[in-house]
Amino acid sequence: METNKYLNDITEIKNLMNRSSRFISLSGLSGVLAGIYALIGAGFAYVKLKETSAANYENFSGRSSSLWGSDTVSDLTFIAIAVLVAAVITGFIMTLKKSKKSGEKIWDSTSKRLVFNFAIPLVVGGLFCLVLMQQGIAGLVAPATLIFYGLACVNASKYTMGDVRYMGLAFIGIGLVSTQFIGYGLYFWALGFGVCHILYGALMYYKYDRN
Amino acid sequence: MSLIDNINKAFDHRIRLGIMSILMVNDYADFKILKELLGATDGNLASHTKALEKEEYIKVEKQFIGRKPNTRYSATPLGKAQFKKHINALEKLIGK
């Protein structure tokens with residue numbers, strides 16, 4: 001009977017440590033949906049680029065950036081922003097639902113910490129990408145977004161489910177590999193933001209959300 | 001020397017155990033957050049934080065945020081060391 005009490009103590013300790021420091025209402029399914037949006041976006045971008053330079057579309061995101069009409073750039077930017085907005089809104093709604101179900105507050109000290117620590121590498125990465133564009137090194141934008149997003153995930157993983165760390169590492173790996181294949185940024189983007197999100201989202205869904 | 005010797009009486013209560021657990025993984029926590037997480041009443045929580053403060057396992061800082069008084073707690077190095085010992089003892093007693 002004593003052993004049982006100690007076992008309860010340990011369970012309670014673990015539970016409180018997690019609940020007080022990690023925001024665990026993140027929805028796995030929203031990761032899957034974000035991945036699907038990204039793949040759809042990549043599909044649109046692919047079609048757009050093929051239209052623009054039918055002859056040598058494989059050079060698109062790198063060396064031939066001067067060939068782009070500004071129309072293409074603004075179209076691609078629009079697609080990227082649309083995907084981002086859709087993913088963030090979906091993620092927010094589904095997380096809100098999940099936190100209501102589990103009775104957790106959505107905007108408490110744990111979620112604030114999560115958002116803040118996720119945002120630091122992400123904002124730096126965003127600014128860095130703008131600089132890359134400004135300097136005409138557009139080919140490195142895709143790898144940079146993947147790497148900085150990965151770093152943001154690794155940094156945020158301390159404040160939510162630990163599995164996010166491995167997704168972050170996967171993004172960093174894909175980003176680094178893609179630096180060696182400039183001009184194929186879109187494929188790596190689809191692999192990272194599309195496939196990786198879907199895989200990890202599904203994994204988290206099965207691990208945490210199913211019941 | 002039996003294993004029981006490492007079980008710390010100061011942590012032998014659900015609320016005190018909870019306070020220490022939270023302060024182990026957070027730099028600090030204020031009264032309101034502790035209350036919410038532990039589901040304790042004001043008086044209950046206050047008496048337990050006082051007990052831990054007396055042992056010098058936690059540090060209490062009172063300050064004002066605007067015009068509202070705010071009390072925040074953090075674990076002392078002594079408190080963290082003792083709590084680790086306590087957890088180790090618990091794990092040994094469960095016998096793994």
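Cβ-Cβ contacts under 6 Å between residues 6 or more apart (or on different chains), taken from a first residue in the range B:23-39 that is among the hydroxyl-bearing types (Ser, Thr, Tyr) to a second residue that is not in a helix (DSSP H, G or I), are listed as B:Tyr28/B:Arg72; B:Tyr28/B:Ser74. When restricted to residues that are of a type in the set (D, E, K, R) and within 25 Å of B:Ser21 (Cβ to Cβ), the range B:62-81 contains 3. Do we find that A:Val73 is without any contact (Cβ under 8 Å) to a residue 12 or more places away in the chain and either within 18 Å of A:Gly31 (Cβ to Cβ) or not small (Gly, Ala, Ser) (or both) in this structure? Taking the combined requirement at face value, the residue satisfies it. Would you pick out the residues in the range B:65-89 that are part of a helix (DSSP H, G or I) and within 16 Å of the chain's Cα centre (by Cα)? Those that are part of a helix (DSSP H, G or I) and within 16 Å of the chain's Cα centre (by Cα): B:Pro77, B:Leu78, B:Gly79, B:Lys80, B:Ala81, B:Gln82, B:Phe83, B:Lys84, B:Lys85, B:His86, B:Ile87.
Per the conditions (1) over 12 Å from the mean Cα position of the chain (by Cα); (2) surrounded by 21 or more Cβ atoms within 10 Å (Cβ to Cβ); (3) not acidic (Asp, Glu), the sole criterion not satisfied by B:Leu52 is (1). Against the condition over 15 Å from the mean Cα position of the chain (by Cα), under 30 Å from A:Leu16 (Cα atoms), surrounded by 13 or more Cβ atoms within 10 Å (Cβ to Cβ) and basic (Lys, Arg), how does A:Lys101 come out, does it pass? No, not satisfied. Pairing each residue of the range B:70-96 that is within 13 Å of chain A (Cβ to nearest Cβ) and closer than 15 Å to B:Asp27 by Cβ with any residue that is surrounded by 15 or more Cβ atoms within 10 Å (Cβ to Cβ) and of a type in the set (Ser, Thr, Tyr), provided the two are 6+ apart or on different chains, yields C-beta distances under 9 Å for B:Tyr73/B:Thr49; B:Ala75/B:Tyr57; B:Lys80/B:Tyr57. Cβ-Cβ below 6 Å, separation at least six or inter-chain, first residue in the range A:1-15 and within 7 Å of chain B (Cβ to nearest Cβ), second small (Gly, Ala, Ser): which pairs? If the second residue must be small (Gly, Ala, Ser), the pairs left are A:Ile13/B:Ser21.
Bear in mind that the values in this text are calculations on the coordinates, not laboratory data. Just so we're clear, the structure is a prediction, and the values are computed from it rather than from any experiment. As a convention, Cβ positions derive from the backbone with ideal geometry for all residues, glycine included, and neighbour counts pool all protein chains shown.
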